[in-house]
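Bear in mind that the values in this text are calculations on the coordinates, not laboratory data. Here the structure is a predicted model, which is why all the values come from computation and not from measurement. Counting neighbours? That spans all protein chains shown, and the Cβs are built from the backbone with ideal geometry, glycine included.
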Amino acid sequence: MWNSASDFLAMGGYGLYVWGSMGACLLVCIMEPVTLNLKRRALLSEAREQGAPDTGQFES
């Protein structure tokens with residue numbers, strides 16, 4: 001049980017590890033879909049440039 005907000009943030013002396021881990025996890029959870037979408041767009045663009053038939057199946 002924590003007596004104050006600063007005790008909660010300190011996490012019994014492990015606050016830097018706990019909050020750093022939470023921040024890293026949040027960053028990865030945000031960046032993964034962004035990078036996947038960017039790669040998908042680049043691959044679709046490359047396929048169009050090479051003259052691949054466009055079926056429209058994966059268009060968004």
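A simple charge model with +1 on the Cβ of Lys and Arg, -1 on the Cβ of Asp and Glu and nothing else charged puts the dipole of the chain at about 40 debye relative to its Cα centre.
Find me the longest stretch of the chain that has none of the exposed chymotrypsin sites (Phe, Trp or Tyr not before Pro), where exposed means in a DSSP loop (not H, G, I, E or B) with at most 11 other Cβ atoms within 10 Å. The answer is 15-57. Taking the helices alone, the chain has a mean residue ellipticity at 222 nm of -23500 deg cm²/dmol, built from -39,500 (n - 2.57) per DSSP H run of at least 4 residues and averaged over all its residues.
Scan (i) 1.35; (ii) 1.43; (iii) 1.14 for the value of Rg/Rh (Cα atoms, Kirkwood Rh) calculated from this model and give just the label. Working out Rg/Rh (Cα atoms, Kirkwood Rh) from the coordinates points to (ii).
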